[in-house]
Amino acid sequence: LALKGFLEGPYDQATNRMRDDLRNAALIPITEPYSALGYAFVEGGGEAVLASVFGTGPPPKDRIVDWVVVELRDASDPTVVVSSRCALIQRDGDVVDLDGSSPVGMLAEPAAYHVVLRHRNHLGVMTANAYTLSATPLPIDLTLTTTPTYGTQACNVIGAAQVLWAGN
């Protein structure tokens, strides 16, 4: 997946990017935090990264903001999680794999799925439509208000950007 999304909490409308305050304060753990919070993964969980992924090497727009969970849900019954795993989200909204830059690889058969983006301090969002995924990364941009999401007001709109609602 070449998934993109914004978290309302760190989102800065002036720059159309998120702040990376947790990374700056060295508060992002090198092992995903969701397992310890009781999230039940399907095919994933326990992901870890090298501490250098949180360093200052990448361009500022590509610096890591935090861990997120990506889920693939059944096309005909979106209550069924087919695959889930942790990934990282960058300041520009790109959701990336554990190397901090590659598109997210999911353990699932090529097929149509609803795609979900979750964060521990925000309400999750799911695509309204199922997308056909394959070995070629499919771009899905949840920051665009034109990307249909499941439910009514599934995302908050700040200026021209769609963001995951802050919550706890």
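The values are calculated or read from the model by the stated rules, or taken from the named source; none is laboratory data. Please read all numbers here as calculations on a predicted model, not as lab measurements. Don't worry about glycine lacking a Cβ; one is built from the backbone with ideal geometry, like all the others, and counts go over all protein chains shown. Heavy atoms of the whole protein, side chains included, go into the accessibility calculation; ligands, DNA and RNA do not. Shrake-Rupley method; radii C 1.70, N 1.55, O 1.52, S 1.80 Å.
State whether one or more residues within region 101-113 are over 16 Å from the mean Cα position of the chain (by Cα), open to solvent by less than 70 Å² (accessible area, probe 1.4 Å) and aromatic (F, W, Y). No - not one qualifying residue is present in region 101-113.
Within region 20-34, how many residues turn out to be of a type in the set (D, E) and open to solvent by 30 Å² or more (accessible area, probe 1.4 Å)?
So in region 20-34, the residues of a type in the set (D, E) come out as 20-21, 32.
Next cut, open to solvent by 30 Å² or more (accessible area, probe 1.4 Å) only: 21.
Qualifying residue count for the region: 1.
Among the residues of region 31-56, those that are among the β-branched types (V, I, T) and farther than 16 Å from H119 by Cα comprise V42, V49, V53, T56.
Once region 63-112 is narrowed to residues that are of a type in the set (S, T, Y) and out of contact with any strand residue (DSSP E or B) (no Cβ under 7 Å at 6 or more places or on another chain), the residue that is farthest from P137 (Cα to Cα) is T79.
Starting from residues that are surrounded by 15 or more Cβ atoms within 10 Å (Cβ to Cβ) and part of a loop (DSSP other than H, G, I, E, B), keep the ones in region 88-100 and report whichever is nearest to the chain's Cα centre (by Cα). Spell out the reasoning first.
Just the residues of region 88-100 that are surrounded by 15 or more Cβ atoms within 10 Å (Cβ to Cβ), to begin with: 88-98, 100.
Filter once more, so that each one left must be part of a loop (DSSP other than H, G, I, E, B): 91-93, 97-98, 100.
Values: R91: 12, D92: 12, G93: 8, D97: 10, L98: 12, G100: 12 Å.
Among residues in region 88-100 that are surrounded by 15 or more Cβ atoms within 10 Å (Cβ to Cβ) and part of a loop (DSSP other than H, G, I, E, B), the one nearest to the chain's Cα centre (by Cα) is G93.
Does T147 satisfy the criteria of being in a loop (DSSP other than H, G, I, E, B), of a type outside the set (G, A, S), without any contact (Cβ under 8 Å) to a residue 12 or more places away in the chain and more than 20 Å from V81 (Cβ to Cβ)? In short, no.
Results for (1) under 29 Å from T132 (Cα atoms); (2) part of a strand (DSSP E or B); (3) touching a residue at least 24 places away in the same chain (Cβ under 8 Å); (4) more than 14 Å from the chain's Cα centre (by Cα), shown as yes or no for each residue.
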{"position": "L3", "(1), (2), (3), (4)": "yes, yes, yes, no"}
{"position": "T15", "(1), (2), (3), (4)": "no, no, no, yes"}
{"position": "L22", "(1), (2), (3), (4)": "no, no, yes, yes"}
{"position": "L27", "(1), (2), (3), (4)": "no, no, no, yes"}
{"position": "A36", "(1), (2), (3), (4)": "no, no, no, yes"}
{"position": "A40", "(1), (2), (3), (4)": "yes, no, no, yes"}
{"position": "V53", "(1), (2), (3), (4)": "no, no, yes, yes"}
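Of the residues in region 63-78, not one is outside any strand (DSSP E or B), more than 23 Å from V116 (Cα to Cα) and out of contact with any His (no Cβ under 9 Å at 6 or more places or on another chain).
Would you confirm, using the coordinates I've provided, whether P137 is open to solvent by 40 Å² or more (accessible area, probe 1.4 Å), part of a loop (DSSP other than H, G, I, E, B) and touching a residue at least 40 places away in the same chain (Cβ under 8 Å)? In short, yes.
Consider region 118-134. How many of its residues are open to solvent by less than 80 Å² (accessible area, probe 1.4 Å), under 20 Å from V82 (Cα atoms) and assigned to a strand (DSSP E or B)? Residues meeting the conditions: 7.
Each row is one residue, and each column tells you yes or no for (1) within 28 Å of A160 (Cα to Cα); (2) acidic (D, E); (3) surrounded by 21 or more Cβ atoms within 10 Å (Cβ to Cβ); (4) touching a Phe, Trp or Tyr at 6+ places or on another chain (Cβ under 6 Å).
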{"residue": "M18", "(1), (2), (3), (4)": "yes, no, yes, yes"}
{"residue": "A36", "(1), (2), (3), (4)": "no, no, no, no"}
{"residue": "V42", "(1), (2), (3), (4)": "no, no, no, no"}
{"residue": "E47", "(1), (2), (3), (4)": "no, yes, no, no"}
{"residue": "C86", "(1), (2), (3), (4)": "yes, no, yes, yes"}
